[in-house]
Amino acid sequence: MRPDKAAPVIRLGQTQEKKDLAAALRTYERGRAKFPTDEQLKGLISAARLKMGFDGAEIDLDAELTNPTQIEQVLRAALNQRIAALSETEIVEYNRRIAEVFPLDRTRVAYAQALVSARKFETAARVFDEVSNQGSARVLLGQAVCAGAMEDYAKAEAFLRQHMETGEGEHAFLRAAAAFLDSSPDLKPAIHVLEGLDFSGDNSAIGNLIEFASRIMPPRRALLKGGILDSEVRLSEAGQSGAAVLAFAGFARRTGAMPFSMIDRFFAGYGVSTGSFYDSRAKLFWDGLDTLGGTLDASISGLRQRLDANNLDRVYTIGTSGGGVGAIVWGCELEARRVLSFSGPTDIRIEFLKQNDDARGQAAIHALNKRLDDSQLNLRAWLEARHKRSPIRMIFCENEPLDAVQANNIAHLPEVSLCPVARYAEHESVSSALGTGDLLREFDSILEDVHHG
């Protein structure tokens, strides 16, 4: 590598980042040795070290936001490094400041999306309107969600129609439609909007989404207020059923493309309590939660006490992506009657992932391999060592081979059953299962067990 300028080094390193973050960092550092004054190389090294979770790599985000030589990628990496410990309000504010320092379409969209997550729809709509590329699928989705939240269904329909024309595909539209329904205070006019859209080809996926939404009944208990990031642990009031569905958020602190508020609305209509959990330590729930006692054992005990106090004696757990680990581990500890893991990992040791050519989520994987021990990284071994396991349903897209590897890794256990979702090739299997009807069938199986089990 003997270029006269830093640009080829930067391009090579950025290409390597998609497959191997460690190799990218080595490339950046070699380039830095030859081009010691190049600020972009310096920034990329800082960003890569942050992503890999090196000790001492953390930077002061507040200070760097005032540094005129800083680059956006470093600020974004620093924000992602700290995001698990930030409140929703702080996430919104940092995204606002990054968009202010770097007034680009992508930073404005990130700021607007943070506002949507915080359910600040009016402000989000104004920020989306400031984006220059109004035909972007992400912008149109955001605008449709905001319009639905403000009950302007005519405008929401127009945005959804434009979203369909972007060519993003069925799966992307499923996610858009699910987010639109979630934001809408009144589901009847929102469903009517979806029913009025013209779909080319097979529209069974939207039909299944509409069927799911139509099954959301008037709540038989109070809905949880706020968002999933308001607290590590949220538990609704008890419904009449004596059962609770507990949802564990993934590494991005989401329950996939099915927002937790939709899960809450669905089960509230049947008198079932719900709870949401996110791990502010970003350790896949292995170290417990501060809100419940700090350690895994103390947290399980604390949660049992809360459930007992509400007379909730039947527990079901759900997890998406990294949250699938929490759903399985906490579900087994709580003797859950059923566990649903949507594209959840079962072995994230670096050597296992390399053997299976799985280079996804490099930053998160490197960080987890530093924070967790081997017994926590290898969920299969943890399950095999247990004398008692809950029934576990591994749900994944049949055309996503890397998630299939993770699911099949524990398929030999008698308590494990597989649910490959047809047609799709996405890691985000919640919306896929929504489109095939599998999600409603799984939720119905929980309801059947609640009422007849």
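The values are calculated or read from the model by the stated rules, or taken from the named source; none is laboratory data. Just so you know, these numbers come straight off a predicted model, no measurement behind them. All Cβ positions, even for glycine, are placed from backbone atoms using ideal geometry, and neighbour counts span all protein chains on display.
Some observations on this one:
Yes/no per residue for (1) surrounded by 13 or more Cβ atoms within 10 Å (Cβ to Cβ); (2) assigned to a loop (DSSP other than H, G, I, E, B); (3) at pLDDT below 75:
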{"position": "30", "(1), (2), (3)": "yes, no, no"}
{"position": "42", "(1), (2), (3)": "yes, no, no"}
{"position": "45", "(1), (2), (3)": "yes, no, no"}
{"position": "50", "(1), (2), (3)": "yes, no, yes"}
{"position": "55", "(1), (2), (3)": "no, yes, yes"}
{"position": "63", "(1), (2), (3)": "no, no, yes"}
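- For the range 93-106, a residue qualifies if it is of a type outside the set (Phe, Trp, Tyr), surrounded by fewer than 21 Cβ atoms within 10 Å (Cβ to Cβ) and touching a helix residue (DSSP H, G or I) at 6+ places or on another chain (Cβ under 6 Å), and exactly one does: 96.
- Some residue of the range 207-227 being in contact with a Lys or Arg (Cβ under 9 Å, 6 or more places away or on another chain), surrounded by fewer than 22 Cβ atoms within 10 Å (Cβ to Cβ) and closer than 23 Å to residue 127 by Cα: yes
- Qualifying residue in the range 144-163 (condition: within 27 Å of residue 427 (Cα to Cα) and of a type in the set (Ser, Thr, Tyr)): no
- Selection of the range 319-336 for residues being closer than 26 Å to residue 240 by Cα and in contact with a helix residue (DSSP H, G or I) (Cβ under 6 Å, 6 or more places away or on another chain) yields 319, 333.
- For the range 2-17, a residue qualifies if it is in contact (Cβ under 8 Å) with a residue 12 or more places away in the chain and of a type in the set (Gly, Ala, Ser), and the qualifying residues are 6, 13.
Let's see how each residue does on (1) more than 23 Å from residue 452 (Cβ to Cβ); (2) of a type in the set (Gly, Ala, Ser); (3) in contact with a Cys (Cβ under 8 Å, 6 or more places away or on another chain):
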site	(1), (2), (3)
271	no, yes, no
276	yes, yes, no
291	yes, no, no
294	yes, yes, no
299	yes, yes, no
303	yes, no, no
318	no, no, no
323	yes, yes, no
336	no, yes, no
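- Flag for residue 409 being in contact with a Ser or Thr (Cβ under 7 Å, 6 or more places away or on another chain) and over 30 Å from residue 206 (Cα atoms): yes
- Filtered residue count, the range 124-179, keeping only those that are of a type in the set (D, E, K, R), in a helix (DSSP H, G or I) and more than 27 Å from residue 436 (Cβ to Cβ): 4
- Residues located in the range 189-202, provided they are exposed (fewer than 14 other Cβ atoms within 10 Å of the Cβ) and either assigned to a loop (DSSP other than H, G, I, E, B) or modelled with pLDDT of 90 or more (or both): 192, 196, 198, 200, 201, 202
- Any hit, the range 361-373, residues being surrounded by 15 or more Cβ atoms within 10 Å (Cβ to Cβ), of a type outside the set (Lys, Arg) and over 29 Å from residue 259 (Cβ atoms): yes
- Inter-residue pairs, beta-carbon under 6 Å, first over 14 Å from residue 212 (Cα atoms) and not assigned by TED's automatic domain parsing to the domain that holds residue 266 and in the range 166-182, second of a type in the set (D, E, K, R) and in a loop (DSSP other than H, G, I, E, B), 6+ apart: 171/426
- Flag if residue 296 is on the phi < 0 side of the Ramachandran plot and either of a type outside the set (S, T, N, Q) or surrounded by fewer than 24 Cβ atoms within 10 Å (Cβ to Cβ) (or both): yes
- Applying a threshold of 9 Å to beta carbon distances and a minimum spacing of six or more residues, or different chains, the list of pairs starting in the range 421-444 at a residue that is on the phi > 0 side of the Ramachandran plot and ending at one that is of a type in the set (Val, Ile, Thr) reads 423/436.
- On inspection, residue 372 fails the criterion of being under 30 Å from residue 273 (Cβ atoms) and among the aliphatic types (A, V, I, L, M).
- Only residues that are among the charged types (D, E, K, R) and either in contact with a Phe, Trp or Tyr (Cβ under 9 Å, 6 or more places away or on another chain) or modelled with pLDDT of 95 or more (or both) were counted in the range 404-437, giving 2.
- Enumerated helices (runs of 4 or more DSSP H) restricted to the range 257-363, each holding at least 2 residues that are closer than 30 Å to residue 183 by Cβ and at pLDDT below 90: 260-268
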